[in-house]
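K.L.:
Let me give you the structure first, and then I'll get to my questions.
The values are calculated or read from the model by the stated rules, or taken from the named source; none is laboratory data. In this text, all values refer to a predicted model and were calculated from it rather than measured experimentally. All Cβ positions, glycine included, derive from the backbone under ideal geometry; neighbour counts span all protein chains shown.
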Amino acid sequence: MPHDHPPPRPRAARRGPFGLAAALVAAAALAFVAIEPASAEYGDVVINNYSDAAGVRPVVFPHWFHRVRFRCKVCHTDLGFKFQAGGNDINMVKIIDGQFCGACHNGTLAWSVENCDVCHSGKPGTETHVHESTVRKLVSPK
Ligand code: HEC
Ligand code: HEC
Ligand code: HEC
């Protein structure tokens, strides 16, 4: 069918530079909303039930780093990690016995427990919690 009139220009093209800026701000806001819920699940977990009291630095568990290498099921079903920051009553005897982190950090699947500082890397006094800073840094407008 022949076109008697040129097709209407897309809305964005008619908005001018201010419209484009507004669209970018809106897109950034949407991206933030979309990413935010994931950070609660995949953010680093600081574990400090015993560390401070025992005179070692709190443990920082990089959840995302592990999650891209293993399926959820490996840890949360097969190895029995409960879905709760600090909820697993982990200690070094259990780790050296091959439980929890020790199922992999045994010098075979991953580097072994001698590397204390790689796990005990938190700032002294940091309480047990899920730390979301990695994702926040990526999307924060500041
Ligand atoms: C693969 C990670 C990992 C490595 C490596 C590791 N730890 Fe731990 N450690 C943990 C976790 C997780 C906990 C539990 C933290 C908590 O709840 O405070 C813990 C707890 C502890 C505790 C307090 C509880 C207890 O069992 O007495 C001490 C002390 C400790 N670690 C010392 C060490 C020392 C010393 C080394 C090196 C020889 C080491 N850790 C290596 C993960 C690790
Ligand atoms: C390499 C092991 C590992 C893998 C793989 C893994 N997790 Fe975790 N997850 C953990 C550990 C360790 C904790 C913290 C437990 C603790 O502090 O005792 C945790 C904590 C959590 C929590 C609780 C966080 C909170 O708010 O308290 C959720 C939810 C969770 N994981 C979901 C997942 C999902 C979904 C996947 C797969 C996409 C996954 N995990 C993959 C080890 C793992
Ligand atoms: C299912 C296996 C598995 C479990 C369980 C596991 N890890 Fe790991 N972890 C790995 C592997 C594999 C690596 C990468 C090793 C390498 O690069 O050589 C790693 C690396 C790490 C790193 C270094 C991350 C980096 O940026 O290089 C830390 C810290 C760590 N693990 C802490 C922990 C702690 C704490 C726990 C227990 C709460 C734990 N891991 C449980 C497999 C595991």
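K.L.:
In the stretch 85-117, which residues are near ligand 1 (Cβ under 6 Å from one of its atoms) and within 22 Å of Cys72 (Cα to Cα)?
P.N.:
The answer is Ile90, Asn91, Ile95, Cys101, His105.
K.L.:
Is it the case that Val25 is at pLDDT 90 or above and not hydroxyl-bearing (Ser, Thr, Tyr)?
P.N.:
Details: at pLDDT 90 or above: no; not hydroxyl-bearing (Ser, Thr, Tyr): yes.
Considered against the rule, which asks whether it is at pLDDT 90 or above and not hydroxyl-bearing (Ser, Thr, Tyr), Val25 comes out as no.
K.L.:
Counting only residues that are free of Cβ contacts under 8 Å to residues at least 12 places away in the same chain and within 11 Å of ligand 3 (Cβ to nearest atom), give me the helices (runs of 4 or more DSSP H) lying completely in the stretch 47-128 with at least 2 of them.
P.N.:
Numbers: elements: 51-54, 63-67, 92-96, 116-119.
Per the criteria, 63-67.
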